[in-house]
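A short write-up of the structure that comes next.
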Amino acid sequence: MIDISMDIDAYLEKDPTASGKWHIILFSAGFHGLLLYRISTLFRKNKLGFLARGLHYVSRILYSMDIHPSARIEGGVVIDHGVGVVIGSTASVGTGTLIYQGVTLGSKNVMKGKRHPDIGRNVVLGAGAKILGPIYVGDNSKVGANSVVLEHVPQDSLVTGIPGRVHRISERLGSRQ
C-alpha cells in the first residue's frame, strides 16, 4: 500500500493533467496498469502465481502494458500513456522514474538469469525508448524518445540515438558536455 500511495503522489507531482487523487485513481490508464502490477506482485509473493499471471494477462488486454509480476518497481514511479510499455521479469525501476508510452525494458536474448536492465532513481525514459540487456541506467539520467540503449549509462546523463550515445549532463554548468 505504501508503494501505491507513493505512486499517486508521484503522479500528482509529474502529470500536469492530474487534477487530484481521484482523477488518477479513476482515469489514469498508466496508473491502472501499475496498480495491477503491484497487486500481481503481492499474489506472487504469497505463492499465488496463478492469480499473479492472471492479473498480468488482464493488464496486457485492458491497458496494452506488459509488466512481468517478477519485475521490481519501487514506489513513486509514473507510467504516462502506458500503451506499449514492456518491463521484463528481471528488470528493476527506481523511485521517481517517469516512463512514457512504448518503452521496453527488455532482454537481448533468451538466456537464463539476469537479462533485463536496472533503471536508477529519477530517470526519464522517453516515448519508444528501448533499454535492452542486463545494463544499468544511472540516477537522474534521461533516455531520449526512440533511443536504443545497449550499454551502461552513468548517472546524470542524457542518451539519444540508435544505438544510444551518452552525453554527460553537467549540473554545475547546466549544460551538456
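None of the figures in this text is laboratory data; all of them are computed from the coordinates on show. Keep in mind that what you see is a predicted model, and the values were worked out from it rather than measured. Note that each Cβ is placed from the backbone with ideal geometry, even for glycine, and that neighbours are counted across all protein chains shown.
3J(HN,Hα) along segment 86-100, derived from phi through the Karplus expression 6.51 cos²θ - 1.76 cosθ + 1.60 where θ = phi - 60°, amounts to 10, 10, x, 5, 9, 7, 9, 9, x, 4, x, 7, 10, 10, 8 Hz, with x in place of Gly and Pro. Distance between the pseudo-spin-label points of Ile25 and Phe50 (7 Å out from Cα toward the beta carbon): 3.1 nm. The count of lysine pairs in segment 2-176 that are at least 8 places apart or cross chains, and whose C-alpha atoms lie under 24 Å apart, stands at 12.
The H on the amide N of Val149, modeled in the peptide plane, is under 5 Å from the matching H of Lys130, Ile131, Leu132, Gly164, each at least 5 residues off or on a different chain.
When you count the other C-beta atoms within 10 angstrom of each residue and take the mean per peptide, 104-113, 118-127 line up highest first as 118-127, 104-113.
Considering Cα pairs under 8 angstrom that are at least six residues apart, work out the relative contact order of the chain and quote it in whole percent.
Values: 456 pairs, mean separation 22.4, N = 177.
For the chain, the relative contact order is 13 percent.
Among beta bridges identified by DSSP and lying wholly in the chain, the antiparallel ones come to about 20 percent. Amide H contacts of Met65: Arg60, Gly84, each under 5 Å away and 5 or more positions distant or on a separate chain (H built 1.01 Å from N in the peptide plane; Pro and chain starts excluded).
Put simply, the amide H of Lys142, placed in the peptide plane, has neighbours under 5 Å in Val124, Ser157, Leu158, Val159, leaving out anything fewer than 5 places away on its chain.
Would you please give the FRET efficiency between Asp156 and Arg60, computed as 1/(1 + (r/R0)^6) with r the Cβ-Cβ distance and R0 = 41 Å, to the nearest 0.05? Kindly include the intermediate steps, with their values, before the conclusion.
Values: r = 34 Å, r/R0 = 0.83.
Efficiency, from the Cβ-Cβ distance: 0.75.
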